[in-house]
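Trainee: I am attaching a structure below and will ask some questions about it afterwards.
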Amino acid sequence: MSSIVRPLAIGDLTAAVPVVQAGMGVGVARSKLAAAVMRAGGIGCISSVGLGRLKESLENYAEESAEKLAVEIREARRLAPQGILAVNIMVALSTYHEMVATCVREQVDVIISGAGLPLNLPKLVEGSKVRLIPVVSSGRSLDVILRCWHRKYQRLPEAVIVEGPYCGGHMAFTWDQLKNPETVPITGILAEVKEVLAPYEAQYGRRVPVLGAEAIATPDDVVSMMAGGFDGAQVGTRFICTEESGIALASKQVYVKAKAEDIVLMHSPIGLPVKVLNTPLVQKLLRGEQIPLECPFLCLRSCQADKAKFCIAEALVNTMFGDVEKGLFMTGSAIDRINDIIPVEEFLAPLRRMAE
Ligand SMILES: Cc1cc2nc3c(=O)[nH]c(=O)nc-3n(C[C@H](O)[C@H](O)[C@H](O)COP(=O)(O)O)c2cc1C
């Protein structure tokens, strides 16, 4: 079984361990976590969301976010100079262009982009070596991306990430699908994605690796993902509960204590469903309470701040600082199997040995 775990090629780069650490905001995936993953042989990833100060950077939120991202990138490089470094940039970010430009300037290895269709990403990175990985949840959305990239830029992604219905973060599934996730098996999405990729792979003369993202709690889950036909996995929630992740210990403890029945589904202020833990803030929101908010700059383009019941960025910053009452705890479905805070190396070492 373990022989299916092999190194992962992303264009001209090869990761010893076929794991991409998910770029989780706000503050989970910063330089320390990314560097630990890079040092252990995986692909480390910095989240570009929420890096500017929320209230204090009124005038220059985009500029401040870009500066902070550059600092995180340089620090990750300093801590793990040999590793493969990615940055996750959600298409939904109002600072999308500035974040991409910063990655190009700082020469990150890979940009991972989802939460929308990254249709003009090849144009934004023109002239650089940065490798591109779109995140999709259906063959149809990959089809739209590939058609556009091929027609306008003659470009094929270096890899694709498929998020299944058991994953964390903003999800591109309907409420019904998320209530009945077994109706959308990730291997079914993989089959669609492979069908869409095949003609482009033939035309460009190269294979595009596909990574699966959902509910990875143990190294064996990565092995199972690969047994299902994926070339590797993107891992989110497991890495929240590591010594190196960027949120306060009090918040990590909320995650490790959580059980399956603590997961609830709610609409985020950008209208997409998110899975969250049933903490005091969520209980208030589910009772219909309004959490007072001021939004000076719209960090997410499609956020309906005037109608929103709360500010998701502020709630995630509260989690980063360990405010369990006011924080929002987004999670993947495997949280009930994640019961300890471990060093990143403990998760990745067995996979590295299998891939040798
Ligand atoms: C707290 C949290 C924050 C996330 N933030 C982002 C993000 O900023 N951008 C993104 O593309 N995905 C984000 N995701 C989704 C992850 O990238 C990943 O695909 C997903 O969590 C994988 O499922 P798992 O958590 O079950 O491993 C987030 C997920 C969590 C749990």
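Quick note: the coordinates plus some simple rules give every number you see, no bench work behind them. These numbers were taken from a predicted model, which means no experiment stands behind them. For neighbour counting, all protein chains shown are included, and Cβ atoms are generated from backbone atoms with ideal geometry for every residue, glycine included.
Trainee: Please give the peptides 124-135, 312-323 ranked by average Cβ packing (other Cβ atoms within 10 Å per residue), highest first, as a rough proxy for protection. Don't skip to the end; give the middle numbers.
Mentor: Working: 124-135: 18.8, 312-323: 20.8.
Ranking, from highest mean packing down: 312-323, 124-135.
Trainee: Report the per residue volume, in Å³, of the convex hull enclosing the C-alpha atoms of region 198-247.
Mentor: Working: hull volume 5.1 nm³, N = 50.
Given the Cα convex hull of region 198-247, per-residue volume reads 103 Å³.
Trainee: Which of the trypsin sites (Lys or Arg not before Pro) across region 157-247 are loop residues per DSSP, with 16 or fewer other Cβ within 10 Å? It would help to have the intermediate numbers written out before the result.
Mentor: On the way: sites: 179, 194, 206, 207, 238; in loops: 206, 207.
Sparse-neighbourhood loop trypsin sites (Lys or Arg not before Pro): 206, 207.
Trainee: Residue by residue, what Karplus-based ³J(HN,Hα) values in Hz, rounded to whole numbers, does region 235-243 have, using 6.51, -1.76 and 1.60 with θ = phi - 60° and x for Gly and Pro?
Mentor: 10, x, 3, 4, 7, 5, 8, 10, 4
Trainee: Further question on the same structure: Could you identify which residue out of 311, 103, 45 has the top mean-square fluctuation in a GNM of the chain using Cα springs shorter than 10 Å?
Mentor: 311
Trainee: Right, here's the next one. From the convex hull of the Cα coordinates of the chain, what is the mean projected area in square nanometres? Display every interim value, and only then the final one.
Mentor: On the way: hull surface 64.9 nm².
Directional mean of the projected Cα hull area for the chain stands at 16.2 nm².
Trainee: Another one. Going by Cα centres, region 3-27 and region 298-356 are how many Å apart?
Mentor: 19 Å
Trainee: Which of the peptides 260-271, 241-252 is most tightly packed, and how do the rest follow, going by the mean number of other Cβ atoms within 10 Å of each residue? The partial results should precede the final answer.
Mentor: Numbers: 260-271: 15.2, 241-252: 19.8.
Order by mean packing, descending: 241-252, 260-271.
Trainee: If you bin every alpha carbon distance in region 147-288 into 10 Å steps from zero, what whole percent lands in each bin?
Mentor: Computed distribution, short to long bins: 10, 32, 33, 18, 7, 0.
Trainee: Let me have the relative contact order for the chain, percent, based on Cα pairs under 8 Å that are six or more residues apart. Provide the component values of the computation, followed by the final result.
Mentor: Details: 756 pairs, mean separation 73.5, N = 356.
Relative contact order comes out at 21 percent.
Trainee: Moving on. Can you classify region 284-326 as rounded, prolate or oblate using the Cα gyration tensor, where a ≥ b ≥ c are the square roots of its eigenvalues, rounded means a/c under 1.5, and otherwise it's prolate if a/b beats b/c and oblate if not?
Mentor: Oblate.
Trainee: For region 15-164, I need the span (max minus min coordinate) of the C-alpha atoms along each principal axis, in Å, sorted largest to smallest.
Mentor: 41, 39, 32
Trainee: Let me know the shape class of region 291-356, please: from the alpha-carbon gyration tensor, a ≥ b ≥ c as square roots of the eigenvalues, rounded when a/c is under 1.5, otherwise prolate if a/b is greater than b/c, or oblate. Mind showing how you got there, number by number?
Mentor: Details: a/c = 3.28, a/b = 2.40, b/c = 1.37.
Here region 291-356 falls in the prolate category.
Trainee: Run the helix sum for the chain: -39,500 (n - 2.57) per DSSP H stretch of 4+ residues, divided by residue count, reported at 222 nm to the nearest 500 deg cm²/dmol. Intermediate values should be presented prior to the final figure.
Mentor: On the way: 13 runs with 131 residues, N = 356.
Calculated mean residue ellipticity at 222 nm is -11000 deg cm²/dmol.
Trainee: Note down the net charge around residue 290, summing +1 for each Lys or Arg and -1 for each Asp or Glu among other residues with Cβ under 15 Å from its Cβ. Intermediate values should be presented prior to the final figure.
Mentor: Numbers: positive: 284, 287, 307, 309, 326; negative: 289, 294, 306, 314.
Computed value for this residue: +1.
Trainee: Among rounded, prolate and oblate, which fits region 153-226 when a ≥ b ≥ c are the square roots of the eigenvalues of its C-alpha gyration tensor, a/c under 1.5 means rounded, and a/b larger than b/c means prolate?
Mentor: On the way: a/c = 2.31, a/b = 1.64, b/c = 1.41.
Verdict is prolate for region 153-226.
Trainee: While we're here: Would you mind pulling out the separation of the Cα centroids of region 171-224 and region 110-132, in Å?
Mentor: When both Cα centres are located, 20 Å separates them.
Trainee: Could you give the radius of gyration (one decimal) and Dmax (whole number) of the Cα atoms in region 222-318, in Å?
Mentor: Over region 222-318's Cα set, Rg and Dmax evaluate to 16.2, 48 Å.
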